[in-house]
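The values are calculated or read from the model by the stated rules, or taken from the named source; none is laboratory data. These figures come from a predicted structure and were not determined experimentally. Here the Cβ positions follow ideal geometry from the backbone for every residue, glycine too, while neighbour counts run over all protein chains shown. Quick note on the areas: whole protein, heavy atoms, side chains included, nothing else; ligands and nucleic acids left out. Shrake-Rupley method; radii C 1.70, N 1.55, O 1.52, S 1.80 Å.
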Amino acid sequence: RSSPNYYLWKNLYGQYSRYGNPYIDYRCSTEKGSLSKNTIIYGHNTHDKLGFNKLTEYMKLEGYKKAPVITLETLYEKTQWKVFAVMLTNSTTAADRGHLFSYLITDFSSKAQFTEMLRGIDERSMINTPVDVNADDKILTLSTCCYDFTDARLVVVARLRRPGESISVDTSNAYYNQNPKYPQA
């Protein structure tokens with residue numbers, strides 16, 4: 001599509017829909033064997049529990065424990081991702097004294113740049129999970145609006161299951177982060 005936000009207000013058939021349709025960032029590759037370093041999916045969080053509203057369940061420890069693994073099925077493959085962070089962040093600089101945490105990067109110039117973003121995600125996560133993530137991993141970022149403050153975003157981040165790794169996650173070691181970094185708003 002010519003517009004990167006084409007499905008923000010359209011359904012799968014290109015017709016207007018106040019719910020839109022979840023869509024992958026236009027910069028991302030989903031072809032088998034060439035996933036982007038950070039695959040980003042956007043979707044609306046509606047008050048009537050449709051769209052990406054289910055992501056709000058991750059804000060609670062029990063919600064995370066119910067679904068620590070996300071399955072993503074594209075035209076090319078079916079992949080599993082282990083959730084390692086849930087954060088509230090800002091989408092404009094006005095919400096945080098001119099600062100904007102940049103989590104919408106799809107590919108990175110270096111492992112150091114990717115590691116720096118992972119560090120920023122970790123310090124903002126509301127839940128500490130037992131899922132480790134490193135510079136060699138690929139991540140999936142689910143981003144939706146939330147209503148905690150103006151232009152707030154709820155973001156759930158998972159890493160691709162590694163070859164030979166079990167699909168299960170021992171969620172008994174997950175706990176609330178007592179001091180996550182939130183925007184000033």
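Points worth noting:
- Thr71 meets all of the listed conditions (1) among the polar types (S, T, N, Q); (2) under 30 Å from Gln113 (Cα atoms); (3) surrounded by 14 or more Cβ atoms within 10 Å (Cβ to Cβ) but one, namely (3).
- Residue identified as within 27 Å of Asn173 (Cα to Cα), surrounded by 14 or more Cβ atoms within 10 Å (Cβ to Cβ) and free of Cβ contacts under 8 Å to residues at least 24 places away in the same chain among Leu118, Leu142, Leu100: Leu118
- Top-ranked residue in the range 145-169 [being closer than 23 Å to Phe114 by Cβ and free of Cβ contacts under 8 Å to residues at least 60 places away in the same chain; ranked as farthest from the chain's Cα centre (by Cα)]: Gly164
- One residue from Pro163, Pro180 being open to solvent by less than 30 Å² (accessible area, probe 1.4 Å), at pLDDT 95 or above and not in a strand (DSSP E or B): Pro180
- Inter-residue pairs, beta-carbon under 8 Å, first free of Cβ contacts under 8 Å to residues at least 60 places away in the same chain and more than 13 Å from Thr39 (Cβ to Cβ) and in the range 69-82, second open to solvent by 30 Å² or more (accessible area, probe 1.4 Å) and assigned to a loop (DSSP other than H, G, I, E, B), 6+ apart: none
- Hey, Ser172 surrounded by fewer than 13 Cβ atoms within 10 Å (Cβ to Cβ), over 15 Å from the mean Cα position of the chain (by Cα) and not in a loop (DSSP other than H, G, I, E, B) or not: yes
- Where Ser110 falls short, out of the listed (1) under 16 Å from the mean Cα position of the chain (by Cα); (2) within 26 Å of Tyr26 (Cβ to Cβ); (3) modelled with pLDDT of 95 or more; (4) small (Gly, Ala, Ser): (1)
- In the range 121-139, residue surrounded by the most Cβ atoms within 10 Å (Cβ to Cβ) [restricted to those that are within 16 Å of Leu154 (Cα to Cα) and among the acidic types (Asp, Glu)]: Asp122
- Condition met for Thr79 (over 18 Å from Lys54 (Cβ atoms), of a type outside the set (Asp, Glu), out of contact with any Phe, Trp or Tyr (no Cβ under 8 Å at 6 or more places or on another chain) and at pLDDT below 95): no
- Residue in the range 147-159 that is farther than 19 Å from Met59 by Cβ and assigned to a loop (DSSP other than H, G, I, E, B) present: no
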